[in-house]
Amino acid sequence: MSFHLPKIYPITDTTLSSLSHAEQVKRLIAGGATFIQLREKSNSVRAFSTDAAEAISIARSAGANVIINDRVDVALALGADGVHLGQADMPVAVARRLLGDDAIIGFSTHNIEQVKAALDLPINYLAFGPIFATQSKRNPDPVAGLDALGIIKSLNSPLPVVAIGGIDKSNVVGVWSAGADSAAIISAIVAEPAQIARNVRDFLTLTSVQ
C-alpha cells in the first residue's frame with residue numbers, strides 16, 4: 001500500500017510511561033504524531049487487545065495510522081493498519097497473506113546481511129538498529145552505528161529505512177543525515193508521561209534543522 005512514513009515514528013511502552021496504550025496514543029497525536037506503533041511485552045493478549053482497540057479508535061478519529069508490534073493476530077482482529085515484525089516473528093510472507101495487500105508491514109533488521117535478505121520481502125519499510133545503545137530492550141542486538149545507515153542506503157532499495165535504538169533529541173538530526181528516512185523513538189518520547197505531547201513537538205521541530 002502507499003502510505004506516508006513520517007520522520008518521527010513513536011512507539012508506545014506501558015512500562016516506561018505507566019500509561020495505557022490508548023492514553024499514550026492520545027498524547028502522541030496531541031503532539032503531532034501521525035504514525036504510531038503499539039509495543040506490548042508484558043500484559044496479557046486479552047488486556048492488550050482491549051487497550052489497543054481503544055488506541056486504534058482514537059487514532060482513526062484523528063487520521064493517524066497505528067500498527068501492532070509482533071502480534072499479527074491482534075492486528076487482524078482489531079483492524080489495525082498493519083504490523084511490525086521481528087526476525088523471530090511470523091514470516092513476512094504469511095503475515096502479508098493474512099493481512100492483505102493494503103496492510104502496512106515493517107520488518108526489523110540488525111545487520112547488513114539481514115537487510116540484504118529482507119529487500120525482497122513484501123514489506124513497506126525496513127527498520128534497522130540499534131543505532132545507539134538502548135535501554136528499551138532487555139537483550140538488545142549489538143550497536144550498529146550511524147555508518148551502517150549509509151551502507152544500507154547505498155544498496156539503492158526503494159524501501160524507506162527506519163532507524164531505531166537510543167535515538168533522542170541530541171542525535172536524531174545525525175540519524176537522518178546518515179541516511180535514515182525516519183526515526184523510531186520510545187524512551188525519549190514516552191518515558192516522561194507528562195511531557196509526551198511536548199516531546200513529539202520538539203522532535204518534529206528538529207525535522208526542519210536538516
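Things to note:
- Sorting HIS110, HIS21 from the fewest to the most surrounding beta carbons within 10 angstrom yields HIS110, HIS21.
- Modelled FRET efficiency - R0 22 Å, ALA133 with ALA30, Cβ distances, 0.05 increments: 0.15
- Reachable aspartates and glutamates, given that their alpha-carbon falls under 18 Å from the alpha-carbon of LYS169 and they are not under 8 places away in the same chain: ASP181, GLU192, ASP202
- Proxy reagent accessibility, fewest Cβ within 10 Å first, across LEU159, LEU85: LEU159, LEU85
- Three-way shape call for region 8-206 based on the alpha-carbon gyration tensor, with the a/c threshold at 1.5: oblate
- Farthest towards the positive end of the charge dipole of region 8-206, among the residues LEU155, ALA55, VAL74, is the Cα of ALA55, using unit charges on the Cβ of Lys, Arg, Asp and Glu.
- Given charges at beta-carbon only (K, R positive; D, E negative), |dipole| of the chain in Debye: 220 debye
- The length gained by stretching the chain between LEU76 and LEU146 to full extension, at 0.36 nm per residue less their Cα-Cα distance, is 21.7 nm.
- Note on ILE112 and LYS41: the model spin-label points, each 7 Å out from Cα along the C-beta direction, lie 2.8 nm apart.
- Of ASP202, ASP102, the sequence from fewest to most neighbouring Cβ atoms within 10 angstrom is ASP102, ASP202.
- Local electrostatic count, ILE67, Cβ distance below 12 Å [Lys/Arg +1, Asp/Glu -1]: 0
Taken together, the values in this text are just the output of simple stated rules run on the coordinates, not laboratory data. What you see is a predicted model; the values in this text were computed from it and never measured. All Cβ positions, even for glycine, are placed from backbone atoms using ideal geometry, and neighbour counts span all protein chains on display.
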